[in-house]
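Reviewing the structure listed below.
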Amino acid sequence: MQSYEQSLRQTRQYLLDHDDYLVVSHIQPDGDAVSSTLAVGWLLSCLGKKYTMLNEGPIPTRMKYLWKAGEIADMSANPPERMYSNVICVDCADFQRVGQTQRHFEPDASIVNIDHHPTNNGYGTVQLIKPDAAATAEILFDLLKQFDIRWDADIATAVYTGLLTDTGGFRYANTSPKVMEIASELLSLGVNGPELAETLLEEMTLPQLKILSRALEGLQLTPEGDIAWVSITNQDMVDCGAANEDLEGIVNYPRNIQGVEVGMLFKVIHDGAVKVSFRSAGKVDVAALAQIFGGGGHTRAAGAKLDLPLDQAVSLVLKEVKRVL
């Protein structure tokens with residue numbers, strides 16, 4: 001297996017040798033997915049390459065300030081009218097996470113897989129994977145350093161956004177010395193750290209506050225107090241006027257209860273399917289737990305989709321979490 005440095009050089013050469021790229025990230029993009037998409041777009045623009053940025057789902061409103069965020073096409077609104085032979089996937093732990101964007105991949109497309117999830121299955125023609133990176137944005141920082149290009153506040157803000165959101169405001173265990181060194185360099189390039197923290201971590205919309213309140217009304221714990229979870233239905237979303245981006249961070253509330261080892265959020269997708277988000281206090285590897293249900297993620301933060309009604313999904317997942325504990 002080649003080293004991380006070799007993978008960086010291989011990816012650099014691939015980007016130089018090809019052109020006309022499609023850049024995609026995972027469905028329901030978060031801060032790291034959006035910022036990584038834009039970082040790749042910024043790099044390709046500096047290299048004089050043609051590219052299209054695409055995602056299944058809209059970009060969260062609070063990230064519209066990022067460089068060319070408005071140019072990330074939404075599959076449900078304005079998908080491209082053609083196929084692509086060169087695809088760059090960022091922050092996608094497995095190929096299925098690209099969602100419907102794969103409709104625009106040529107059958108023999110070459111895929112560059114740039115990711116930091118330990119559960120990444122190594123798909124693609126070129127793999128740039130670093131499981132101990134705090135965010136895919138950290139890997140993009142290293143990749144951009146491979147090129148003789150001048151950084152500006154736009155790209156610094158994009159990379160900083162990915163680091164800020166995936167480390168929980170530099171509070172999670174993945175906040176390494178390297179992360180802080182990168183953050184310091186980005187701040188020196190003009191990033192407004194306090195403003196980003198306020199916008200991305202503190203500020204809430206009214207629908208977000210309403211859906212949080214609705215979720216906490218149904219908070220449940222096991223008798224032992226080591227597992228806690230909340231559930232959100234489609235009707236809850238309608239009643240609160242909430243969008244998927246308003247669910248960001250809700251899973252942390254059950255996890256943050258004293259004594260809880262695993263916190264979960266069950267979100268009904270439709271009558272026969274539920275998405276479950278896991279958070280761990282450290283004792284349980286929730287990435288391994290999510291993989292049991294066909295999902296993946298990180299040791300302390302992961303997710304999966306179950307093709308079951310809500311009650312059955314809760315029962316099945318709860319049984320598995322208890323077994324692991």
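The values are calculated or read from the model by the stated rules, or taken from the named source; none is laboratory data. All of these numbers come straight from a predicted model, not from anything done at the bench. Cβ sites come from the backbone with ideal geometry, for glycine too, and all protein chains shown count toward neighbours. Ligands, DNA and RNA are excluded from the accessible area calculation, which covers all protein heavy atoms including side chains. Shrake-Rupley method; radii C 1.70, N 1.55, O 1.52, S 1.80 Å.
What Kirkwood radius, in Å to one decimal, follows from the Cα pairs of the stretch 181-318?
Working: mean 1/r = 0.0623 Å⁻¹.
Hydrodynamic radius (Kirkwood, Cα only) of the stretch 181-318 equals 16.1 Å.
Which of the residue pairs K50/K145; K49/K178; K68/K210; K68/K145 have a Cα-Cα distance greater than 26 Å in the structure shown?
Details: K50/K145 21 Å; K49/K178 30 Å; K68/K210 31 Å; K68/K145 21 Å.
The pairs that break the limit, which is 26 Å between Cα atoms, are K49/K178; K68/K210.
Under a crude label model (7 Å from the Cα following the beta-carbon direction), how far is E198 from R9 in nanometres?
With each label placed 7 Å out from Cα toward Cβ, I get 4.6 nm.
Indicate the gyration tensor shape class of the stretch 191-232 (rounded, prolate or oblate), computed on the Cα atoms with a ≥ b ≥ c the square roots of the eigenvalues: a/c under 1.5 is rounded; otherwise a/b larger than b/c is prolate and the rest oblate.
Oblate is the answer for the stretch 191-232, as a/c is 1.5 or above yet b/c matches or exceeds a/b.
Scan [x] 5, 20, 25, 23, 16, 8, 3, 1, 0; [y] 5, 21, 21, 14, 11, 8, 7, 7, 4, 1; [z] 6, 26, 35, 24, 9, 1 for the value of P(r) over Cα pairs in 10 Å bins from 0, in percent calculated from this model and give just the label.
[z]
Can you give me the solvent accessible area of K319 with a 1.4 Å probe, rounded to the nearest 10 Å²?
Accessible area, nearest 10 Å²: 150 Å².
Report, ordered by chain and residue number, the lysines lying within cross-link reach of K322, taken as a straight Cα distance under 29 Å and ignoring same-chain residues fewer than 8 apart.
Leaving aside lysines fewer than 8 places away in the same chain, those within reach of K322 are K267, K275, K283, K305.
Is the C-alpha gyration tensor of the stretch 29-174 telling us rounded, prolate or oblate? Criteria: a/c under 1.5 is rounded; beyond that, a/b larger than b/c is prolate, otherwise oblate.
Rounded shape, in that the Cα axes give a/c under 1.5.
Rounding to the nearest 20 debye, state how big the charge dipole of the chain is about its Cα centre with +1 on each Lys and Arg Cβ and -1 on each Asp and Glu Cβ.
The dipole magnitude comes to about 400 debye.
Using the Cα gyration tensor of the stretch 156-244, with a ≥ b ≥ c the square roots of its eigenvalues, what is the shape: rounded (a/c below 1.5), prolate (a/b larger than b/c) or oblate (neither)?
In terms of gyration-tensor shape, oblate.
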